[in-house]
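First up is the structure itself, then whatever we jot down about it.
Each reported figure results from applying straightforward, stated rules to the coordinates on display, with no laboratory input. None of these values were measured; they are calculated from a predicted model. Every residue, glycine among them, receives a Cβ derived from its backbone with ideal geometry; neighbour counts consider all protein chains shown.
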Amino acid sequence: MTTTELQTPVATERRYGGHSMTATLRTVMVRRPAPPANDDDWRRFGYLHPVDVARSEAEHAAFREILVAEGIEVIAAGPDPAGELDAVFAYDPTFMTDRGAILTRMGKPVRLAESDYAAATYAELGVPILARIEAPGTFDGGDAFWLDGTTLAVGRSYRTNEAGIAQLRSILGGIGVDVVQVDLPHWHGPAECLHLMSMISPVRDDLAVVYLPLLPVLFVELLRERGWTFVEVPDDEFLSMACNVLALGPGRCLMLDRNPVTKARLEAAGSEVLTYKGDEISRNREGGPTCLTRPIWRE
């Protein structure tokens, strides 16, 4: 791994934490795309076509520039070892709390090393490690969703199992956080990743982009009871990841380009929407702006 690069418009004291999905994003970790080790690596990861290295690097650099222009401190780590193609998706290998990071244990076997890469970056930054999910538990960060500062919804999926949720409940219980389990649908099976946050992205404390056909009824009812309203993603934009939206702050967000209906609906709901081009880093690999980032500090 190369030396971590700090991209920031303003020098700041390093901070971490924030039990929120939408509070102002102050510091974020991204991981620069790793090159393939072999020509057919893309097949192991289930990508749509072979990786274009130059295009991946250019799109990722432009993505980072958008975040920096928003006044966000960007920790640009990596590139990670050749062949670690999914390591660009910085969200899943760890989960941040006010007491430090939880190192996850990824449910996709080819991603198991990624938590160690993130841990090395946290060591450079001085971010403490609160705990680590151990076998047989699995937990992907994309299955975690803050309902409020003391309540975390966690998707039970093919990537996050019962043992992982039990460990997470024990870890978070020690810092006063309750865990609510949300059972996710089969969709296309274990080979295709479907996280809780594949179907919902909050943009304010009471507003979320959702794909309702796949959200569990109990979870929809829970959100409505808490006063949430929804911006619904149409069927033809779900597959282009319109549901994967990164909140930069309350009512301001970043989404993948060429999702015009969802973008217009967000704006009609009072949100400011930025877009980025991600044909290689997002569409080919099937991961949006949330997947590409690990918020370290929200304030």
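If Rh is defined by the Kirkwood formula over all Cα pairs and Rg also comes from Cα, what ratio Rg/Rh do you get for the range 23-64?
1.09
Among 138, 19, 118, whose Cα sits farthest toward the positive end of the charge dipole of the chain (+1 at Cβ of Lys/Arg, -1 at Cβ of Asp/Glu, about the Cα centre)?
19
Which value in nm describes the separation of the simple spin-label points at residue 69 and residue 226, placed 7 Å from the Cα toward the beta carbon?
3.3 nm
Within 12 Å, Cβ to Cβ, of residue 64, how many net charges do the neighbouring residues add up to if Lys/Arg are +1 and Asp/Glu are -1?
-4
At a 10 angstrom cut-off on C-beta neighbours, averaged per residue, how do the peptides 252-261, 194-203, 146-155 rank from highest to lowest?
Peptide ranking by packing, descending: 194-203, 252-261, 146-155.
Select from the chain the helices, each a whole stretch of DSSP H, whose alpha-carbon atoms run 27 Å or more along the helix axis and whose Kyte-Doolittle mean is at least 1.0; answer none if there are none.
Long hydrophobic helices here: none detected.
Counting each DSSP H run of 4 or more residues in the chain as -39500 (n - 2.57), what helix-only mean residue ellipticity at 222 nm follows after dividing by all residues, to the nearest 500 deg cm²/dmol?
It lands at -6500 deg cm²/dmol.
Using only the Cα atoms of the chain, build the gyration tensor, take square roots of its eigenvalues as a ≥ b ≥ c, and label the shape rounded, prolate or oblate: rounded if a/c is under 1.5, else prolate if a/b is larger than b/c, else oblate.
rounded
Need one number: nm distance between label points at residue 129 and residue 268, each 7 Å from Cα along Cα→Cβ, rounded to one decimal.
Taking the two extended label points, one gets 4.8 nm.
Less than 14 Å Cβ to Cβ from residue 188, Lys/Arg counted +1 and Asp/Glu -1: what total charge do the surrounding residues give?
-1
For the range 63-123 and the range 251-299, compute the distance between their C-alpha centroids and round to whole Å.
Result: 18 Å between the Cα centres.
Classify the range 91-204: rounded, prolate or oblate, from the alpha-carbon gyration tensor (a ≥ b ≥ c, eigenvalue square roots; a/c under 1.5 rounded; otherwise prolate if a/b is larger than b/c)?
oblate
Under a no-solvent Debye model with one identical scatterer per Cα of the range 42-136, what's log10 I(q)/I(0) at q = 0.20 Å⁻¹?
Taking Cα atoms of the range 42-136 as identical point scatterers yields -1.13.
Count charges around residue 280 for me, please; just the other residues with Cβ under 11 Å from its Cβ, Lys/Arg as +1, Asp/Glu as -1.
After counting each charged neighbour, the total is 0.
Pull out a ≥ b ≥ c, the square roots of the eigenvalues of the alpha-carbon gyration tensor of the range 173-299, then state rounded if a/c is under 1.5, prolate if not and a/b is larger than b/c, and oblate in the remaining case.
rounded
Listed highest first by mean packing, meaning other Cβ atoms within 10 Å per residue, what order do 101-112, 226-237 come in?
The densest-packed peptide leads the list: 101-112, 226-237.
When 178, 143 are ordered from fewest to most other Cβ atoms inside 10 Å of their Cβ, what list results?
Least crowded to most crowded, the residues run 178, 143.
Nearest 20 debye, what's the magnitude of the dipole of the chain about its Cα centre given +1 on Lys and Arg Cβ and -1 on Asp and Glu Cβ?
Once rounded to the nearest 20, the dipole reads 400 debye.
Using a cut-off of under 11 Å, list every residue of the range 18-42 whose amide N is near the label point 7 Å from the Cα of residue 299 along the Cα-to-beta-carbon line.
24-27
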